[in-house]
Protein chains: 2
Amino acid sequence: MAITIKDVAKAASVSPATVSRVIADNPRISDDTKKKVRETMKHLGYYPNFQARNLVIQKTQTIGIIMADSATLAFQNPFFPEVLRGISSRAHESKFGLYLSTGATTEEIYEEVISMTQGKRVDGIILLYSRIGDKIMEYLYNSNIPFSVVGRPDVHTDSISYVDNDNVGNAREVVNYLIGLGHQGIAYMGGGLEYVVSLDRLKGYQNALEKASLSFDPDLIVNQSISVGLEEQAVRRLMELQKPPTAIVTHDDLIAYELISYLQDMKIDVPGDVSVLSFNNHSLSEHLKPPLSTVDISIYELGIHAAELVLEKIKDREAPVREITVPSRLIERGSCRSL
Amino acid sequence: MAITIKDVAKAASVSPATVSRVIADNPRISDDTKKKVRETMKHLGYYPNFQARNLVIQKTQTIGIIMADSATLAFQNPFFPEVLRGISSRAHESKFGLYLSTGATTEEIYEEVISMTQGKRVDGIILLYSRIGDKIMEYLYNSNIPFSVVGRPDVHTDSISYVDNDNVGNAREVVNYLIGLGHQGIAYMGGGLEYVVSLDRLKGYQNALEKASLSFDPDLIVNQSISVGLEEQAVRRLMELQKPPTAIVTHDDLIAYELISYLQDMKIDVPGDVSVLSFNNHSLSEHLKPPLSTVDISIYELGIHAAELVLEKIKDREAPVREITVPSRLIERGSCRSL
DNA sequence: CTGAAAGCGCTTACAG
DNA sequence: CTGAAAGCGCTTACAG
């Protein structure tokens, strides 16, 4: 059996209560006692048992991380590791641990979230996505559990702490940029429309067209799910339209390069024949040919702030709801050309 | 306060012990009682408190995942999400949760590992890397904690459960393949030599040269750390040698494409002037130009087996040590040419 | 400044 | 088949 507080107490000739107070650095304990106890702790190799501690203080010092589903989006998309890096960094600052959802289906994950929150495995939750009609978010919202969301919630928006980019604005800026280059037929290959980010970007796209008095053509919209690879067929269909687009906006750099490869197979040059613009600024995108014009959405910062928000709520349940918008930046590289 | 076993007991007119036994599906409890208790549990919305349960059974049902350090290797390298996906899938099968290390430096991570194991936050550990002289592995080895390693341990190799590819064999095969294409000057840009995988591959590289009676030229070895981006300078130095290589082997696809971009900047064509071969088979590598010849090392399987191994040890501390070799496969694509 | 006691929410011999 | 009691390893009023 491991060393417990009792062993330390006995060895240091004090009570377990005193040892506990030394661990907590209680100011009412004399420095002499503290010193003595600390020495015996070190000497015996004592480490506090989290289970026991957590049970009595009713806290866990850990944050649950929920991804959409492990099989698809979360892991293939380079978004995940980077946002996790941000969360991890902020959590570590506050000595919080990270507990990961492992479910493969929405239903499994839902059960996991309930059990990890009700079962007091975590103090709070970060939802790594915002999806329309999401049961998990609804559950979190209704049970008074501290949580934050990466992405704007579609409902209860004003009563949930979340971090997001200005997706509408980003998309508008991107489309404006392309319009400025002389493009009129601009296609949009977004993620699945169940994700709020996709809807927001679509809205920004439409806004920009409207302002420029360009008509909206539904044929130019391809909304595959974020998770799956780009369908070659969708690209082919797009380029075989009566009036094929001269520019395509995609929602992720890797998708963009997959797209570009299909275009090249069809002898369509980027940016010669078609301009391509994307999101996420993957580390590779400046090195590949063509270097990709892309929007850096500061994924790491999204993670930092998501952690910050849930930590606020954990520390004080009455902490005001906050919404943080992380800046984005369009990086012009060689995948777009002026007409 | 949440619903406890006592509330259920009272509502169902049984003792807390009985409720506990129903949760455990103890066969000595009558079906009638079970039914009654289960109904009240559902009715009251009871969820077992893990902290309490874990405290008494001295288990946590969670595995700690340790990555080299979050700031660098783990997150940028696409290896991490994929191996995590494998671990996650296997852990979920056994209803185990995943607890992530968050430390940014080796020292921080070392402290974390001690505290999460001694503090009984996890039942076992998966080390996502194998590094020479690693304090953490040494600690795990000395304290009787269940753990497994992704990568061959450099010490205590026979007494630690680990999963790995045949790195020596892989590198040999790769170099043989290039030699078969007529290459003689083959450069090797491996990861940092503190990682066993890098050393093993280097050995395989040397083996292959030897067997082909080609001399080993230290100038053709570039060992940057796995974590950092490829130094443009190193590439330049390599190609400005008296006898520059006609083929380069790198340890990751993304690194390979970064390399290719530098070569292109230097007006060196791949595969025209130099062949490039890599490891990891990134999903993008078949789509990019040139499509990359690369070794698929079955990262997902590495994760599955790493989880399997630690789970074995958790279930039975006396379980025999196992070493699992996951198959790899050289995928020939367009980045190598015959001389 | 320190200790004895109760309690966090469970499980599990021991009895019956 | 079921219950009363002890205990997992801590923390924290309450006393002194």
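The values are calculated or read from the model by the stated rules, or taken from the named source; none is laboratory data. Treat the numbers as computed from the prediction; the structure is a model and nothing was measured. So basically every Cβ, Gly included, is an ideal-geometry build from the backbone, and we count neighbours across all protein chains shown.
Restricting the search to the stretch A:93-118, which residues are within 7 Å of chain B (Cβ to nearest Cβ) and surrounded by 22 or more Cβ atoms within 10 Å (Cβ to Cβ)?
Within the stretch A:93-118, A:Gly97, A:Leu98, A:Tyr99, A:Leu100, A:Thr102 meet the criteria.
With the requirement that a residue be part of a loop (DSSP other than H, G, I, E, B) and within 14 Å of A:Ser293 (Cα to Cα), what does the stretch A:244-271 give you?
Initially, the stretch A:244-271 is screened for residues part of a loop (DSSP other than H, G, I, E, B), giving A:244-246, A:251-252, A:266-271.
If the condition is that a residue be part of a loop (DSSP other than H, G, I, E, B) and within 14 Å of A:Ser293 (Cα to Cα), then A:His251, A:Asp252, A:Val270, A:Pro271 are the ones that fit.
Is it the case that the stretch B:117-133 has a residue that's more than 16 Å from DNA strand D (Cβ to nearest atom), modelled with pLDDT under 95 and not in a loop (DSSP other than H, G, I, E, B)?
Yes, the stretch B:117-133 contains a residue that is more than 16 Å from DNA strand D (Cβ to nearest atom), modelled with pLDDT under 95 and not in a loop (DSSP other than H, G, I, E, B).
If you take the residues in the stretch B:318-329 that are over 22 Å from B:Gly64 (Cα atoms) and out of contact with any Asp or Glu (no Cβ under 6 Å at 6 or more places or on another chain), which one is surrounded by the most Cβ atoms within 10 Å (Cβ to Cβ)?
B:Ser328
All but one of (1) hydroxyl-bearing (Ser, Thr, Tyr); (2) in a loop (DSSP other than H, G, I, E, B); (3) away from DNA strand C (no atom under 16 Å from the Cβ) hold for B:Ser88; state the number of the condition that does not hold.
The number of the failed condition is (2).
Mind counting the residues in the stretch A:139-174 that are of a type outside the set (Gly, Ala, Ser), under 28 Å from B:Ile3 (Cα atoms) and in contact (Cβ under 8 Å) with a residue 12 or more places away in the chain? Write out each step before concluding.
Our first condition is that a residue be of a type outside the set (Gly, Ala, Ser); within the stretch A:139-174, this holds for A:139-142, A:144-147, A:149-150, A:152-158, A:160, A:162-168, A:170, A:172-174.
If we keep only those that are under 28 Å from B:Ile3 (Cα atoms) too, we end up with A:139-142, A:144-147, A:149, A:156, A:160.
Among the residues that remain, those that are also in contact (Cβ under 8 Å) with a residue 12 or more places away in the chain are: A:139-141, A:144-147, A:149, A:156, A:160.
Looking only at that region, the number is 10.
Just one of (1) in contact with a Phe, Trp or Tyr (Cβ under 8 Å, 6 or more places away or on another chain); (2) modelled with pLDDT of 90 or more; (3) away from DNA strand D (no atom under 14 Å from the Cβ) trips up B:Glu82, so point out which.
(2)
Mind listing just one residue for me: the one in the stretch A:272-285 that is polar (S, T, N, Q) and in a loop (DSSP other than H, G, I, E, B) and, of those, modelled with the lowest pLDDT? Spell out how you get there, then give the answer.
Here is the first cut: in the stretch A:272-285, the residues polar (S, T, N, Q) are A:275, A:278, A:280-281, A:283, A:285.
Imposing the further condition that a residue be in a loop (DSSP other than H, G, I, E, B) reduces the set to A:280-281, A:283, A:285.
Details: A:Asn280: 91, A:Asn281: 92, A:Ser283: 84, A:Ser285: 90.
The selected residue is A:Ser283.
Specify the residue that is farthest from DNA strand D (Cβ to nearest atom); the eligible residues are those in the stretch A:134-162 that are within 19 Å of A:Gln58 (Cα to Cα) and within 14 Å of another protein chain (Cβ to nearest Cβ). Can you show your working first?
Residues of the stretch A:134-162 that are within 19 Å of A:Gln58 (Cα to Cα), as a first pass: A:140, A:143-147.
Subsequent filtering for residues that are within 14 Å of another protein chain (Cβ to nearest Cβ) retains A:143-145.
On the way: A:Ser143: 24, A:Asn144: 21, A:Ile145: 21 Å.
My answer is A:Ser143.
Of all residues in the stretch A:23-42 being near DNA strand C (Cβ under 8 Å from one of its atoms) and β-branched (Val, Ile, Thr), which is surrounded by the most Cβ atoms within 10 Å (Cβ to Cβ)?
Narrowing the stretch A:23-42 to residues near DNA strand C (Cβ under 8 Å from one of its atoms): A:26-34.
Pick out the ones that are also β-branched (Val, Ile, Thr) and you get A:29, A:33.
Numbers: A:Ile29: 18, A:Thr33: 16.
Only one residue tops the list, namely A:Ile29.
Cβ-Cβ below 8 Å, separation at least six or inter-chain, first residue in the stretch A:19-42 and assigned to a helix (DSSP H, G or I), second buried (at least 18 other Cβ atoms within 10 Å of the Cβ) and aromatic (Phe, Trp, Tyr): which pairs?
Every condition considered, the pairs that remain are A:Thr40/A:Tyr46.
Do we find that B:Ala208 is under 28 Å from the mean Cα position of the chain (by Cα), of a type outside the set (S, T, N, Q) and farther than 23 Å from B:Phe80 by Cα in this structure?
Values: under 28 Å from the mean Cα position of the chain (by Cα): yes; of a type outside the set (S, T, N, Q): yes; farther than 23 Å from B:Phe80 by Cα: yes.
For B:Ala208, the condition - under 28 Å from the mean Cα position of the chain (by Cα), of a type outside the set (S, T, N, Q) and farther than 23 Å from B:Phe80 by Cα - is met.
Could you check, for the stretch B:294-317, whether at least one of its residues is more than 18 Å from A:Lys289 (Cα to Cα), surrounded by fewer than 16 Cβ atoms within 10 Å (Cβ to Cβ) and without any contact (Cβ under 8 Å) to a residue 40 or more places away in the chain?
yes
Give all pairs with beta carbons closer than 6 Å in which a residue from the stretch B:189-204 that is over 11 Å from B:Asp154 (Cβ atoms) and of a type outside the set (A, V, I, L, M, F, W, C) meets a residue that is modelled with pLDDT under 85 and surrounded by fewer than 22 Cβ atoms within 10 Å (Cβ to Cβ); count only pairs at least 6 apart in sequence or on separate chains.
B:Gly190/B:Asn223; B:Gly192/B:Ser225
I'd like to know if the stretch A:122-137 contains one or more residues that are within 16 Å of DNA strand C (Cβ to nearest atom) and either under 17 Å from B:Tyr99 (Cα atoms) or among the aliphatic types (A, V, I, L, M) (or both).
Filtering the stretch A:122-137 down to residues within 16 Å of DNA strand C (Cβ to nearest atom) leaves A:122-123.
With the extra rule that they be either under 17 Å from B:Tyr99 (Cα atoms) or among the aliphatic types (A, V, I, L, M) (or both), the set shrinks to A:122-123.
The answer is yes, given that some residue of the stretch A:122-137 is within 16 Å of DNA strand C (Cβ to nearest atom) and either under 17 Å from B:Tyr99 (Cα atoms) or among the aliphatic types (A, V, I, L, M) (or both).
Take the stretch B:289-321 and flag every residue that is in contact with a Lys or Arg (Cβ under 9 Å, 6 or more places away or on another chain) and not in a helix (DSSP H, G or I).
Across the stretch B:289-321, the qualifying residues are B:Lys289, B:Pro290, B:Pro291, B:Leu292, B:Ser293, B:Thr294, B:Val295, B:Asp296, B:Ile297, B:Ser298, B:Ala319, B:Val321.
Looking at the stretch B:77-92, which of the residues that are surrounded by fewer than 24 Cβ atoms within 10 Å (Cβ to Cβ) and among the polar types (S, T, N, Q) is farthest from the other protein chains (Cβ to nearest Cβ)?
Here the answer is B:Asn77.
When the residues of the stretch A:43-71 are filtered to those that are assigned to a loop (DSSP other than H, G, I, E, B), more than 13 Å from DNA strand C (Cβ to nearest atom) and among the hydroxyl-bearing types (Ser, Thr, Tyr), which remaining residue is nearest to the other protein chains (Cβ to nearest Cβ)?
This residue is A:Tyr47.
Out of the stretch A:36-60, which residues are more than 18 Å from B:Asp123 (Cβ to Cβ) and more than 11 Å from DNA strand D (Cβ to nearest atom)? Can you show your working first?
Going residue by residue through the stretch A:36-60, those that are more than 18 Å from B:Asp123 (Cβ to Cβ) are A:36-46, A:56-59.
A:Lys36, A:Val37, A:Arg38, A:Glu39, A:Thr40, A:Lys42, A:His43, A:Gly45, listed by residue number.
Evaluate the following for B:Thr105: is it closer than 30 Å to B:Leu254 by Cβ and either within 16 Å of DNA strand C (Cβ to nearest atom) or among the hydroxyl-bearing types (Ser, Thr, Tyr) (or both)?
Working: closer than 30 Å to B:Leu254 by Cβ: yes; either within 16 Å of DNA strand C (Cβ to nearest atom) or among the hydroxyl-bearing types (Ser, Thr, Tyr) (or both): yes.
Yes, satisfied.
Can you tell me which of A:Val175, A:Val163 is at pLDDT 95 or above, touching a strand residue (DSSP E or B) at 6+ places or on another chain (Cβ under 8 Å), buried (at least 19 other Cβ atoms within 10 Å of the Cβ) and within 29 Å of A:Arg85 (Cβ to Cβ)?
On the way: A:Val175 fails: within 29 Å of A:Arg85 (Cβ to Cβ).
A:Val163 is the lone residue from the list that is at pLDDT 95 or above, touching a strand residue (DSSP E or B) at 6+ places or on another chain (Cβ under 8 Å), buried (at least 19 other Cβ atoms within 10 Å of the Cβ) and within 29 Å of A:Arg85 (Cβ to Cβ).
Only one residue in A:Thr4, A:Thr105 is under 15 Å from B:Ser88 (Cβ atoms), out of contact with any helix residue (DSSP H, G or I) (no Cβ under 7 Å at 6 or more places or on another chain) and among the hydroxyl-bearing types (Ser, Thr, Tyr). Which one?
Answer to the check: A:Thr105.
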